[in-house]
């Protein structure tokens with residue numbers, strides 16, 4: 001499977017715990033995005049990497065959230081001291097600066113569904 | 001006002017019907033537009049990209065009106081399998097893509 005993969009697919013945690021999600025983009029894609037999606041809403045942009053550089057963070061991304069892409073390949077999203085409001089689907093997407101041209105077609109992974117009790 | 005707004009839905013149509021979704025965007029700098037299909041509890045899947053005036057792929061036609069800042073998606077001869085949520089998205093030419101809330105479609109036999 002050469003698509004975007006995410007792990008874990010589901011995570012249930014207690015309020016106050018830390019969680020970490022992983023995303024493996026399509027191998028030749030140099031752009032990687034994290035989104036959050038709640039019921040009845042579209043994906044909301046969280047952060048963006050071009051290669052290993054994190055170029056933008058949404059105001060939605062509080063200090064409890066951190067993302068890394070250390071070698072420009074896979075990325076991790078960590079949420080510290082989780083709150084019930086963090087419950088959502090966390091989606092990762094990737095695109096290619098070259099193949100996608102200026103149009104930035106993004107391809108999504110299956111998501112990690114987080115439930116904070 | 002949201003940057004990308006879609007018909008609230010849901011749309012309930014019989015098989016074989018033609019259905020149209022509308023989407024408006026507020027950022028006039030938006031350069032490219034996308035329609036994604038999202039099945040329940042699944043990830044969005046890219047359906048069509050719209051760069052110029054429009055795009056057509058089989059039963060699906062997307063049109064762009066830059067002057068009025070809206071895009072539309074037309075589905076002809078709808079099938080039961082077309083039942084899903086359709087997400088509109090706009091990209092300003094950089095990295096940031098803004099999604100609408102989606103419109104739910106139910107196609108019934």
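So here's what we get for this one:
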| item | result |
| --- | --- |
| Odd one out for residue A:33 among (1) without any contact (Cβ under 8 Å) to a residue 40 or more places away in the chain; (2) under 23 Å from residue B:31 (Cβ atoms) | (1) |
| Residues of segment B:86-103 satisfying the condition of being within 9 Å of chain A (Cβ to nearest Cβ) and modelled with pLDDT of 95 or more | B:87, B:88, B:89, B:99, B:100, B:101, B:102 |
| Candidate set from segment B:25-54 (those that are surrounded by fewer than 20 Cβ atoms within 10 Å (Cβ to Cβ) and more than 29 Å from residue A:5 (Cα to Cα)); member that is nearest to the other protein chains (Cβ to nearest Cβ) | B:52 |
| Some residue of segment A:50-57 being within 12 Å of chain B (Cβ to nearest Cβ), free of Cβ contacts under 8 Å to residues at least 12 places away in the same chain and surrounded by 15 or more Cβ atoms within 10 Å (Cβ to Cβ) | yes |
| Filter result for residue B:78 (at pLDDT 95 or above, more than 16 Å from residue A:104 (Cβ to Cβ) and assigned to a strand (DSSP E or B)) | no |
| Residue that is assigned to a loop (DSSP other than H, G, I, E, B) and under 28 Å from residue B:37 (Cα atoms), where the choices are A:55, A:77, A:61 | A:61 |
| Exclusive hit being out of contact with any strand residue (DSSP E or B) (no Cβ under 6 Å at 6 or more places or on another chain) and either in contact (Cβ under 8 Å) with a residue 60 or more places away in the chain or closer than 29 Å to residue A:111 by Cα (or both), set B:29, B:20, B:62, B:67 | B:29 |
| Meets criteria (at negative phi, at pLDDT 90 or above and over 14 Å from the mean Cα position of the chain (by Cα)) for residue A:82 | yes |
| Matching residues in segment A:94-116 - criterion: being part of a loop (DSSP other than H, G, I, E, B) and modelled with pLDDT of 95 or more | A:109, A:110, A:111 |
| Verdict on residue B:5 being at the interface with another protein chain (Cβ under 9 Å from one of its Cβ atoms) and surrounded by 16 or more Cβ atoms within 10 Å (Cβ to Cβ) | no |
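The values are calculated or read from the model by the stated rules, or taken from the named source; none is laboratory data. Note that the structure is a prediction, hence the values are computed from the model and not measured. So basically every Cβ, Gly included, is an ideal-geometry build from the backbone, and we count neighbours across all protein chains shown.
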